[in-house]
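Before any comments, here is the structure.
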Amino acid sequence: MKNRPIPVIIVSIMFLLAGTIGFAYHLKELFEIKNNLNETIWILILRILAIVCGLLLLSRINWARWLAIAWMVYHVIISTLHSTSELLVHIAFLILTAVLLYLPVSSAYYKDRRKAL
């Protein structure tokens, strides 16, 4: 399979957008006086991880699928500390991510890379 499947593209773009927009949004917090610097740095690292995850998914790196799911699980856990609606949205995105990345067409896309190596 030479072309990227649509489900892989959707998830990759979702991670690239979440990482890029989140990084830009939280970057300003580094310069605020009443800010927890450690927390802000952790948030920025997580946003960079989302960008890397999106790029690895597009590059046919198989373990990036697990990284994407782990990233979403982390956000589900964190969202338990927030509102119920936020928790439900993160659970929905986790399920959507897992389903799209493990559809037969997506799995075939990642298996073809291993055969080519």
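The values are calculated or read from the model by the stated rules, or taken from the named source; none is laboratory data. Treat the numbers as computed from the prediction; the structure is a model and nothing was measured. For neighbour counting, all protein chains shown are included, and Cβ atoms are generated from backbone atoms with ideal geometry for every residue, glycine included.
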Exercise. Within the stretch 57-65, can one find any residue that is modelled with pLDDT of 95 or more, of a type in the set (Lys, Arg) and either over 13 Å from Arg4 (Cα atoms) or touching a strand residue (DSSP E or B) at 6+ places or on another chain (Cβ under 7 Å) (or both)?
Worked result: yes
Problem set entry | Top-ranked residue in the stretch 1-48 [being small (Gly, Ala, Ser) and surrounded by 14 or more Cβ atoms within 10 Å (Cβ to Cβ); ranked as farthest from Leu94 (Cα to Cα)] | Gly22
Exercise. Looking at the stretch 62-85, which of the residues that are free of Cβ contacts under 8 Å to residues at least 12 places away in the same chain and under 18 Å from Leu17 (Cα atoms) is surrounded by the most Cβ atoms within 10 Å (Cβ to Cβ)?
Worked result: Ala64
Problem set entry | the stretch 1-27, residues that are among the hydroxyl-bearing types (Ser, Thr, Tyr) and either more than 16 Å from the chain's Cα centre (by Cα) or within 26 Å of Ala108 (Cα to Cα) (or both) | Ser12, Tyr25
